[in-house]
Amino acid sequence: MESLAIGSLRKPAAMIQYSGVVKPSSSLVLKHQACIFNKNRYMTFQQRHVNYHMAESFYKRSMLHGRPEKKFELDATSTNDSGSDAAHNTMNPMQTTVNFLDVLYRFIRPYAALGTALNVASMALLAVEKLSDFSPLFFVRLLQALVGSLLMQMYVTGFNQICDIELDKVNKPFLPLAAGDLSMRTAILVSSLSAIMSLSIAWITGSAPLLWCLVGWFLVGTAYSANVLPLLRWKRFPLTAALYMLMARVLMLPVGCYMHMKNSIHGRSSLLSRQTLFTFGILSMFSIAIIFFKDIPDIKGDQMHGIKSLASRLGQTRMFWSCIWVLEITYIVVAFVGATSSITWSKYVTILGHLTMASLLWMRAKSVDLKSKEDIQSMYMFLWQLFYAEYCLLPFLR
């Protein structure tokens, strides 16, 4: 009985002995595990909470290409919070400056600015006749023409976006003014200052060709976009749109910069040489093709706003292949003319360079899906790349 009584005594619930090893009971194990789980879950929640706020803060401070919460304005001021982090306060002005420069970079339309810079450089090299022409004065004059032209380019593209803000919301919603990344007041201020500085540089240099070049570009660039008088807003009609491109990209900028550089090197200039006339003819064909091709992806927005572009009249397909054939014929003619050159290296560079670009253009055009706006826009940028290449080949025409 005693053994039965003893055997019937229950051991403490906390401990059960197995083979000399003392282990906690299953109920305590479950309670202990639940406690650990709750503790880990609480710590995980806290960590996620901290990580979320850290990530959110980092995103707001490091956002570069996203749309800012406020439009950029040059006179904007920031408020200081006494409880904010010192590193954040130090970083914020620098990040704001970087963001504004990014918006300004998109505002100037980089592909057009690069075309302007190559145009000026190409005309400067075209004016060179011998190696001794590369003097310090040559590079000073080149810098004057580059800075003045790029500032005028910023005015023209900026003024166009100011006048076309409603149109760009349909055709080019990625532009900073149409997207709301830049305020109208800042856009007007940047464009106005660019025009003033450009004309001031031309006036200070005392170069008559550079001055009339930039004044003329200012006038036709304003006439192309402005909609304040009946005879303005040249972009509404195919003939006046082409006239703007010819005057700006063929008559004003190349001729003015060529004469500016020629005067600085030799004290005189002549536009009646075979080389210069042929050069301006090539630029005319490229300018016509690009100004008409530009309207192909914008047909929908142009029709909504009553702009009677040649692309909206002829249709997408006919306008596309018309521009391609204009460039192909231009390449073939230039290759044949280059074959008549008496300078061997000029002959081979001109023939091989233009036949290669003609082949690349044809292959690229055949791969374009005309139903895709992205494909057409990509093809438009490819035409600008061919324009860049042509600027590089022009100095070899001798």
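The values are calculated or read from the model by the stated rules, or taken from the named source; none is laboratory data. Because the structure is predicted, anything quoted here is derived from the model rather than measured. Heads up, the Cβs are rebuilt from the backbone with ideal geometry, glycines too, and the neighbour counts pull from every protein chain shown. Keep in mind that these areas ignore ligands, DNA and RNA; they rest on the heavy atoms of the full protein, side chains included. Shrake-Rupley method; radii C 1.70, N 1.55, O 1.52, S 1.80 Å.
Go through 97-103, 342-348 and give me the packing order, highest mean Cβ count within 10 Å leading.
Details: 97-103: 14.7, 342-348: 12.1.
Final packing ranking: 97-103, 342-348.
Keeping all protein chains in place, calculate the accessible area per residue for the stretch 138-251 (probe 1.4 angstrom), answer in Å².
Dividing the accessible area of the stretch 138-251 by its residue count gives 42 Å².
Taking only the alpha carbons of the stretch 135-254, what extent do you get along each of the three principal axes, in Å, biggest first?
Principal extents (largest minus smallest coordinate, Cα): 49, 33, 22 Å.
For Ile332 and Lys130, FRET efficiency with R0 = 41 Å and r from the beta-carbon atoms, rounded to 0.05?
Efficiency, from the Cβ-Cβ distance: 0.85.
Express in Å², to the nearest 10, the accessible area of Tyr388 obtained by rolling a 1.4 Å probe over the protein heavy atoms while all chains stay in place.
Roughly 30 Å² of Tyr388 is accessible to a 1.4 Å probe.
What ranking of Leu277, Leu118, Leu239, Leu167 comes out by heavy-atom accessible area, probe 1.4 Å, highest first?
Greatest to least solvent exposure: Leu239, Leu277, Leu118, Leu167.
Positive end of the dipole of the stretch 205-364, charges at C-beta (+1 Lys, Arg; -1 Asp, Glu), about the Cα centre: which of Ser312, Thr340, Leu361 has its Cα farthest in that direction?
Going by the Cα projections, it comes out as Ser312.
Based on Cα positions only, what radius of gyration and what Dmax would you give for the stretch 266-398, in angstroms?
Rg then Dmax for the stretch 266-398, in Å: 16.9, 54.
Obtain the nm distance between the two label points defined at Asp375 and Ser322 by a simple spin-label model: each point lies 7 Å from its Cα along the Cα-to-C-beta direction.
Taking the simple label geometry, Asp375 and Ser322 are separated by 2.1 nm.
Ignoring ligands and nucleic acids, what accessible area does Ser273 show with a 1.4 Å probe (Å², nearest 10)?
Probe radius 1.4 Å; accessible area of Ser273 about 40 Å².
Of Lys172/Lys300; Lys169/Lys300; Lys300/Lys371; Lys172/Lys294; Lys262/Lys294; Lys172/Lys235, which ones are farther than 22 Å apart at the Cα?
Working: Lys172/Lys300 11 Å; Lys169/Lys300 12 Å; Lys300/Lys371 13 Å; Lys172/Lys294 12 Å; Lys262/Lys294 33 Å; Lys172/Lys235 16 Å.
Over 22 Å Cα-Cα: Lys262/Lys294.
Using a 1.4 Å probe and ignoring any ligands, DNA or RNA, find the accessible area of Glu166 and quote it in Å² to the nearest 10.
110
Counting C-alpha atoms alone, how compact is the stretch 325-398: give Rg to one decimal and Dmax as a whole number, in angstrom.
In order Rg, Dmax, the Cα atoms of the stretch 325-398 give 13.8, 47 Å.
If you roll a 1.4 Å probe over the stretch 254-398 with all protein chains in place, what percent of the accessible area is carbon or sulfur?
Using a 1.4 Å probe with all protein chains present, the stretch 254-398 comes out at 65 percent carbon and sulfur.
Any idea what the dipole of the stretch 271-398 comes to, in debye rounded to 20, about its Cα centre with Lys/Arg Cβ at +1 and Asp/Glu Cβ at -1?
Numbers: 12 positive and 8 negative charges, 41 e Å.
Here the size comes out at about 200 debye.
Counting only protein chains, not ligands or nucleic acids, how are Lys235, Lys169, Lys300, Lys371 ordered by accessible area (probe 1.4 Å), most first?
Lys371, Lys300, Lys169, Lys235
Within 10 Å, count the other beta carbons around each residue, average over each peptide in 208-221, 177-190, and list them highest first.
Ranked from most to least packed, the peptides come out as 208-221, 177-190.
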